[in-house]
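Since the structure comes first, as structure tokens, the remarks are kept for the end.
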Amino acid sequence: MPESAATPLSAEYLNMLGCVRCGQCLTACPTFVLTREEAEGPRGRIALARGLAEGTLTLSPDLARHEWTCLVCDACTAACPAGVQMDPLQVSLRATVAAPETLRARFYRWFGLRVILGAMWRLRIVVTLLWIARGLSVDTFARRSGLARLLGLERAMDLVPTSLSDDHLHADGTAHPPVPEVSAPTRVQFFAGCLMSTALAGIDRASIRVLQRAGCAVEVTRGQGCCGALHAHAGDLDAARARFKATIAAFAGSADFVVVNSPGCGAMLRDYAHHLAGDPDWAERARAFSARVVDFTQFMAPRHLRMTRRLDLTVTYQDACHLAHAQRITAEPRRLLRSIPGLALREMAESTLCCGSAGFYNLTHPETATALRERKLDRAASTNAEVIVTTNPGCLLHLQAGLTARGSTTRVRHIAEILDEATAP
Ligand code: SF4
Ligand code: SF4
């Protein structure tokens with residue numbers, strides 16, 4: 001590799017060299033499955049990145065487009081026998097290659113990542129304003145008047161959850177609202193997330209209740225915020241690293257586990273060790289922190305959870321990419337669902353193929369995201385399930401928006417909500 005190519009990409013050069021071009025990842029890749037184009041598959045993307053790193057290719061709009069259509073779903077990483085890791089490669093690549101996007105999209109990205117997700121108090125204000133706006137039917141007015149289309153916000157509005165409220169989960173060192181203290185041998189720190197603790201705070205509370213019923217003392221650790229995954233996948237590596245360090249500093253506690261109920265966040269928290277490996281001040285702290293991170297389903301599966309209610313429900317399970325591929329956790333959520341009396345789990349075809357949500361992807365690449373979502377909803381519908389169970393907030397909102405557009409009565413629920421219902425006193 002030429003010395004002149006010293007960019008964030010150069011840190012992933014050995015990773016790229018690992019690709020032996022066997023093609024085993026191709027049919028796992030959602031964009032390859034949709035297009036059958038080499039440049040829209042993992043092998044093609046790695047070759048383009050390598051050409052760029054070695055200086056045999058120059059940066060063109062076409063090259064940038066193929067890299068940015070990657071959903072960073074990590075299905076190729078899970079399928080690769082040579083151990084190539086697509087997530088860190090894409091994070092480095094995106095810090096080098098700007099997204100081909102309009103000025104308006106660029107503004108929304110800056111505003112969303114730097115301004116709103118830069119501090120939890122700002123996100124809480126935005127979610128509260130959305131809740132008030134919904135109460136006053138401002139969203140209905142914006143749609144009917146064409147204002148939403150004019151501002152390019154129609155799709156984002158589809159993703160706003162119906163359960164919005166101003167009752168957010170504050171990371172203040174305790175569980176909120178106050179729940180009876182549990183004297184338990186297992187102490188866990190709970191990673192509340194940005195979206196999960198505000199727009200989907202009900203899921204966080206359900207997760208905490210389930211953890212407590214399994215005998216854990218749960219701390220909602222003070223000072224935490226966004227994990228930085230959205231920043232990293234959007235190419236804003238400086239802001240992402242700032243979030244990584246702030247999170248590690250906030251969780252500098254003595255609990256054995258940091259439990260996270262959003263796999264997109266969990267995969268990134270576990271990846272801090274990789275992303276900060278070259279930083280002498282943070283490498284060891286990041287390694288120790290990442291080793292403590294555990295997904296909610298992985299944590300719960302081996303624990304005793306007394307089921308108190310029968311749930312006569314037929315459900316299907318949609319694997320979130322960052323749980324199934326990035327963390328290789330597929331058996332645990334299914335085991336938990338099967339342990340609920342009355343609940344019938346019917347497997348859908350292609351449950352591990354990305355649903356198209358992928359952070360902001362469903363806003364930046366609406367056509368691909370919708371094609372993948374429709375494919376997923378067709379597969380789910382063929383099981384006749386009443387509920388699609390998932391574990392990731394992005395999948396949940398994206399799929400629910402698709403079901404609403406179809407006029408379907410099927411619902412999407414987080415696994416913590418189902419477990420909460422089945423174990424309620
Ligand atoms: S499976 Fe791995 S080694 Fe084979 S083409 Fe894909 S990325 Fe390259
Ligand atoms: S991360 Fe997903 S979308 Fe990107 S190349 Fe790999 S399989 Fe394809």
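The values are calculated or read from the model by the stated rules, or taken from the named source; none is laboratory data. Note that the structure is predicted; figures quoted are calculated from it, not measured. All Cβ positions, glycine included, derive from the backbone under ideal geometry; neighbour counts span all protein chains shown.
Listed by first and then second residue, the pairs with beta-carbon distance under 7 Å, at least 6 apart or on different chains, first residue in the range 6-34 and assigned by TED's automatic domain parsing to the domain that holds Val84, second charged (D, E, K, R), are Met16/Arg50; Cys19/Arg43; Arg21/Arg43; Gly23/Arg43; Cys25/Arg43; Leu26/Arg43; Thr31/Glu40; Phe32/Glu40. Within the range 392-402, identify whether any single residue is under 20 Å from Cys227 (Cα atoms), in contact with a strand residue (DSSP E or B) (Cβ under 6 Å, 6 or more places away or on another chain) and surrounded by 19 or more Cβ atoms within 10 Å (Cβ to Cβ), and answer yes or no. Yes, the conditions are met somewhere in the range 392-402.
Every residue, every condition in (1) within 30 Å of Gln224 (Cα to Cα); (2) exposed (fewer than 13 other Cβ atoms within 10 Å of the Cβ); (3) β-branched (Val, Ile, Thr), yes or no:
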position: Leu113; (1), (2), (3): yes, no, no
position: Leu129; (1), (2), (3): yes, yes, no
position: Val138; (1), (2), (3): no, no, yes
position: Phe141; (1), (2), (3): no, yes, no
position: Arg144; (1), (2), (3): no, yes, no
position: Leu150; (1), (2), (3): no, yes, no
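For the range 336-354, the condition holds for at least one residue, the condition being that it is more than 22 Å from Gln298 (Cα to Cα) and aliphatic (A, V, I, L, M).
The condition (being closer than 24 Å to Ser357 by Cβ, more than 16 Å from ligand 1 (Cβ to nearest atom) and of a type in the set (Ser, Thr, Tyr)) is satisfied by just one residue among Thr69, Thr77, Thr27: Thr69.
Collect the residues in the range 329-344 that are in a helix (DSSP H, G or I) and surrounded by fewer than 21 Cβ atoms within 10 Å (Cβ to Cβ), keeping them in residue-number order.
Start the filter on the range 329-344 by keeping residues that are in a helix (DSSP H, G or I), which leaves 331-338.
Listed by number, the residues that qualify are Ala331, Glu332, Arg334, Arg335, Arg338.
Selection over the range 274-297 of residues that are buried (at least 21 other Cβ atoms within 10 Å of the Cβ), in a helix (DSSP H, G or I) and free of Cβ contacts under 8 Å to residues at least 60 places away in the same chain gives a count of 2.
Matching residues to (1) within 17 Å of Cys265 (Cα to Cα); (2) outside any helix (DSSP H, G or I); (3) modelled with pLDDT under 95; (4) assigned by TED's automatic domain parsing to the domain that holds Ala324:
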| position | (1), (2), (3), (4) |
| --- | --- |
| Asn384 | no, yes, no, yes |
| Val389 | no, yes, no, yes |
| Cys395 | yes, no, no, yes |
| Leu399 | no, no, no, yes |
| Leu403 | no, no, no, yes |
| Thr409 | no, yes, no, yes |
| Val412 | no, yes, no, yes |
| Ala416 | yes, no, no, yes |
| Leu419 | no, no, no, yes |
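Checking the stated criteria, Leu164 turns out not to satisfy the condition of being more than 30 Å from Arg241 (Cβ to Cβ), without any contact (Cβ under 8 Å) to a residue 12 or more places away in the chain and outside the structural domain of Arg413 (by TED's automatic domain parsing).
Tally up the residues in the range 35-82 that are in a loop (DSSP other than H, G, I, E, B), in contact with a helix residue (DSSP H, G or I) (Cβ under 9 Å, 6 or more places away or on another chain) and at negative phi, please. Total satisfying the criteria: 11.
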